[in-house]
Amino acid sequence: VQCRKRQQGLARTRERYEELFHLPARTSDQQLEFAECCLSLVEAGTFHQRQLEHIRSILKGMPPELDPGARERLASLWTRVRRLKEAAP
């Protein structure tokens with residue numbers, strides 16, 4: 001049951017990633033969500049570690065005038081990216 005729920009969660013994340021990927025222009029919140037989806041898929045082993053560079057470019061391109069909640073999400077994403085980079089062989 002746990003494995004199936006995990007697979008279903010990953011499938012939902014992948015679907016959301018695809019939806020956001022195909023948007024012609026994303027808001028800052030959508031960019032953060034897109035990066036979160038991509039990072040979750042890298043962490044799960046669905047996406048290759050090379051996607052981290054794409055995530056990093058998204059995070060670097062975030063505007064400086066984010067609201068406090070978005071800044072917190074951004075900081076959390078940077079922490080997760082750094083952890084994955086350090087753990088990479």
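The values are calculated or read from the model by the stated rules, or taken from the named source; none is laboratory data. Just so it is clear, the structure is predicted and the values come from calculations on it, not from any experiment. With ideal geometry, Cβ positions are generated from the backbone for all residues, glycine too; neighbour counts draw on all protein chains shown.
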Read through the list (1) in contact (Cβ under 8 Å) with a residue 12 or more places away in the chain; (2) out of contact with any Phe, Trp or Tyr (no Cβ under 8 Å at 6 or more places or on another chain), then give the number of the only condition that Q8 fails.
-> (1)
Within region 67-89, can you find the residues that are modelled with pLDDT of 95 or more and aliphatic (A, V, I, L, M)?
-> A70, L74, A75, L77, V81
